[in-house]
Amino acid sequence: MPENKGPYYITTAIAYTSGKPHIGNTYEIVLADSIARFRRQEGYDVFFQTGTDEHGQKIELKAEEAGITPKEFVDNVSTEIKKIWDLMDTSYDKFIRTTDEDHEKQVKKIFKKLYDQGDIYKSSYEGLYCTPCESFWTESQLVDGKCPDCGREVKPAKEEAYFFKMSKYADRLIQYIEEHPEFIQPVSRKNEMMNNFLKPGLQDLCVSRTSFTWGIPVDFDPKHVVYVWLDALTNYITGIGYDVDGNSTEQFAKLWPADLHLIGKDIIRFHTIYWPIFLMALDLPLPKQVFGHPWLLQGDGKMSKSKGNVIYADDLVDMFGVDAVRYFVLHEMPFENDGVITWELLVERMNSDLANTLGNLVNRTIAMSNKYFGGVVKKTGVTSEGAGVDENGASLDFDADLKAVVTATKEKVKTKMKTLHVADAMTEIFTLFKRCNKYIDETMPWALAKDEAQADRLAEVLYNLVEGITVGANLLKAFMPNTTDAILAQLYPENPKRGERDFDVLDQFGLRESGMKVTETPEILFARLDIKDVLAKAEEIQAAQKAANGGVEYPVVEKKPEITIDDFDKIQIQVGEVLKCEPVKKAKKLLVSQIRVGDEVRHIVSGIAAYYKPEEMVGKKVAVITNLKPCKLCGVESQGMILAAADDNGNLCVVSPEKDIIAGSEIC
């Protein structure tokens, strides 16, 4: 057993119970699990916490739409989330829910303590509110008029609320971040928080709401509920036994401060500004590190249920298996930049990395051991030492080179994992497997088998292969645990436990006992897939999503900022009758129409040539914006705009009045 290196507390962000998590959401729990498993291998006493965030206005509205209570709604969704976390074989130690009684009790006490010591005060708030993010914003904080976190529409809101004095702790937090460069990772996230939020000055934070009721009530002012972020963030301490009154558990004393908060980059501000300041107010140490991981994006744009392109973990597992999905999401995510998922890339990784590099290596090694030695793997000591060099000066001592790669891999993986470069750590392990494949090509066991005098040399080659695969499989355990078990079960069929090795000895070669057998019937670890079959199944999934959405593929329309009736009154829309229409020279997409609007005729250029022939437009009555400033398009002046509707499937039609109405009539 490796030496006990002490406690290690890792958390994920708790998943919001607004709906079923897609594969991008699921990535985080798999990433956290790989880190937790690896730390256990190294000898740490790991405590891994995850869970669900279950309060807020968005939940209240969704429950109302579903015709059930908020508690029933979050019970259903939390169960679904936990089911997916379990499906992905994640080894969490605690699944906390913010509706847990002990959590709610502590949140009430935390709020009261902060109020009593003067950190929270009562006032009123007027600002721009984003319901999905449960956040208030000022006009200057918006990005293109939208929520800076999620990009969605915000609405004006005003209500009585309690506020936290963020500025009281801002300088202290800035100093802490500057003195602890490892606190926020990657560094780009740290720079963003310092330059965009902390140094310009923090505004006081709204920490209660009165416009809805689904939340933890403020004990001394029950018409208020605790702001969802103060509620949610404290799960990291309530889940391990924190008590405001000083009666915290031994577990809390052992585990806090957390070693790692693993979160998505979109909520880095809450975890590196709000959460540390709350902890300072509670006189608690800050977590050792907050890592804001990038996003896993759908290859053809944003995931949308109406488009049917949302990818869920359970669908992927049905097609590829748990460990193949774990491999993909871990291996394809860069340290700092967003990753991309497509069905084509999934199949490519399945066939090349898993079926070929790893699966075929294991299968060939076992098959040759059975064919040449009845499955017995012997260490004979007949090596390639002294083989010299080839014509290019490259060493022909293949054994030594293989062993050097195998014994060096542990330290390389450890170094990558220390800085949370998980994808790079996996690449190092697969480099080991690739070296084993190259070793087969170099030593040519099939050629050695033709010469009885080379029997001991052949045995040594196969022993080296089994030994190299054993080390690689053990290093793979944190990332693909079921695959490791499957490999060791075939290499050590009499007792797979004999193939399991302590992390401390994974830089050693030759620990397998000579004379042990491999399995007689090797199993395929990963079967190659046909891209056509996978894409056909993907289409079925897409069709099912559309059917669940009523069978309609609703277009995804980017929301524009909310306007007032006064803004709308600035636009003049009238009915126009098309008198003449013809193509615009040197512009394949444009038609120019002569349109009667009341007692005048206007020339209007429209990009509708792909949808209408000129003669089809003549005689139509259309909706026209008539007070749009004229502009020239391909040298032709356009004196207005024809209104048209377009969907995501490439369809377009001009907007026409339902009944025949006089040209020039105003649309209002």
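The values are calculated or read from the model by the stated rules, or taken from the named source; none is laboratory data. Keep in mind that this is a model prediction, so the values were computed, not measured. With ideal geometry, Cβ positions are generated from the backbone for all residues, glycine too; neighbour counts draw on all protein chains shown.
Every residue, every condition in (1) closer than 23 Å to residue 12 by Cα; (2) modelled with pLDDT of 95 or more; (3) of a type outside the set (A, V, I, L, M, F, W, C), yes or no:
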residue	(1), (2), (3)
294	yes, no, yes
305	no, no, yes
317	yes, yes, no
324	yes, yes, no
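Rundown of residues vs (1) over 21 Å from residue 131 (Cα atoms); (2) surrounded by 15 or more Cβ atoms within 10 Å (Cβ to Cβ), yes/no style:
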| position | (1), (2) |
| --- | --- |
| 181 | yes, no |
| 188 | yes, no |
| 194 | yes, yes |
| 198 | yes, yes |
| 207 | no, yes |
| 214 | no, yes |
| 217 | no, yes |
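The set of residues in the stretch 645-668 that are within 43 Å of the chain's Cα centre (by Cα) and under 14 Å from residue 621 (Cβ atoms) comprises 653, 654, 655.
Of the residues making up the stretch 472-509, those that are under 23 Å from residue 416 (Cα atoms) and of a type in the set (A, V, I, L, M, F, W, C) number 10.
Screening residue 108 with (1) surrounded by 19 or more Cβ atoms within 10 Å (Cβ to Cβ); (2) under 18 Å from residue 229 (Cα atoms) gives one miss only, at (1).
Just one residue in the set 432, 420, 458, 465 is touching a Cys at 6+ places or on another chain (Cβ under 8 Å) and either surrounded by 20 or more Cβ atoms within 10 Å (Cβ to Cβ) or modelled with pLDDT of 95 or more (or both); that residue is 465. Being closer than 27 Å to residue 29 by Cβ and either surrounded by fewer than 14 Cβ atoms within 10 Å (Cβ to Cβ) or touching a helix residue (DSSP H, G or I) at 6+ places or on another chain (Cβ under 7 Å) (or both) is a property that residue 495 lacks. Looking at the stretch 89-97, is at least one residue touching a His at 6+ places or on another chain (Cβ under 9 Å), surrounded by fewer than 22 Cβ atoms within 10 Å (Cβ to Cβ), of a type in the set (A, V, I, L, M, F, W, C) and not assigned by TED's automatic domain parsing to the domain that holds residue 415? Yes - at least one qualifying residue is present in the stretch 89-97.
Which residue pairs have Cβ atoms under 9 Å apart, sit 6 or more places apart or on different chains, and have a first residue in the stretch 520-539 that is farther than 13 Å from residue 342 by Cα and not assigned by TED's automatic domain parsing to the domain that holds residue 373 and a second that is modelled with pLDDT under 95 and among the aromatic types (Phe, Trp, Tyr)? Once the first residue is farther than 13 Å from residue 342 by Cα and not assigned by TED's automatic domain parsing to the domain that holds residue 373 and sits in the stretch 520-539, its partners that are modelled with pLDDT under 95 and among the aromatic types (Phe, Trp, Tyr) give 537/343. Can you spot a residue in the stretch 236-259 that is in a helix (DSSP H, G or I), more than 27 Å from residue 179 (Cα to Cα) and of a type in the set (Val, Ile, Thr)? Yes; the residues of the stretch 236-259 include at least one that is in a helix (DSSP H, G or I), more than 27 Å from residue 179 (Cα to Cα) and of a type in the set (Val, Ile, Thr).
Could you list all residues from the stretch 181-197 that are touching a residue at least 60 places away in the same chain (Cβ under 8 Å) and over 28 Å from residue 225 (Cβ atoms)? Selection gives 182, 183, 184, 185, 186, 188, 189, 190, 192.
Is it the case that the stretch 616-630 has a residue that's in contact (Cβ under 8 Å) with a residue 60 or more places away in the chain and not hydroxyl-bearing (Ser, Thr, Tyr)? No - not one qualifying residue is present in the stretch 616-630. Per the conditions (1) surrounded by 21 or more Cβ atoms within 10 Å (Cβ to Cβ); (2) at pLDDT 95 or above, the sole criterion not satisfied by residue 285 is (1).
In the stretch 467-487, the residues that are in contact (Cβ under 8 Å) with a residue 24 or more places away in the chain form Cβ pairs under 7 Å with partners that are among the small types (Gly, Ala, Ser), at six or more places apart or across chains, as follows: 467/510; 470/499; 478/34; 479/34; 487/473.
Considering the stretch 33-80, the residues that are aromatic (Phe, Trp, Tyr) and assigned to a helix (DSSP H, G or I) include one that is farthest from residue 477 (Cα to Cα), namely 73. Identification of strands (runs of 3 or more DSSP E) wholly contained in the stretch 111-204 with 2 or more residues that are more than 31 Å from the chain's Cα centre (by Cα) yields 120-130, 155-164.
Scanning the stretch 154-177 for residues that are over 19 Å from residue 224 (Cβ atoms) and in contact (Cβ under 8 Å) with a residue 12 or more places away in the chain yields 154, 155, 156, 167, 168, 169, 170, 172, 173, 174, 176, 177. Residues 153, 139, 179: which one is touching a Lys or Arg at 6+ places or on another chain (Cβ under 7 Å) and acidic (Asp, Glu)? Among 153, 139, 179, only 153 is touching a Lys or Arg at 6+ places or on another chain (Cβ under 7 Å) and acidic (Asp, Glu). It is to be established whether one or more residues within the stretch 640-651 are modelled with pLDDT of 90 or more, loosely packed, with under 15 Cβ neighbours inside 10 Å and outside any loop (DSSP other than H, G, I, E, B). Among the residues of the stretch 640-651, not one is modelled with pLDDT of 90 or more, loosely packed, with under 15 Cβ neighbours inside 10 Å and outside any loop (DSSP other than H, G, I, E, B), which makes the answer no.
For the stretch 1-32, what are the residues that are outside any helix (DSSP H, G or I), among the hydrophobic types (A, V, I, L, M, F, W, C), modelled with pLDDT under 95 and more than 23 Å from residue 429 (Cα to Cα)? Matches in the stretch 1-32: none.
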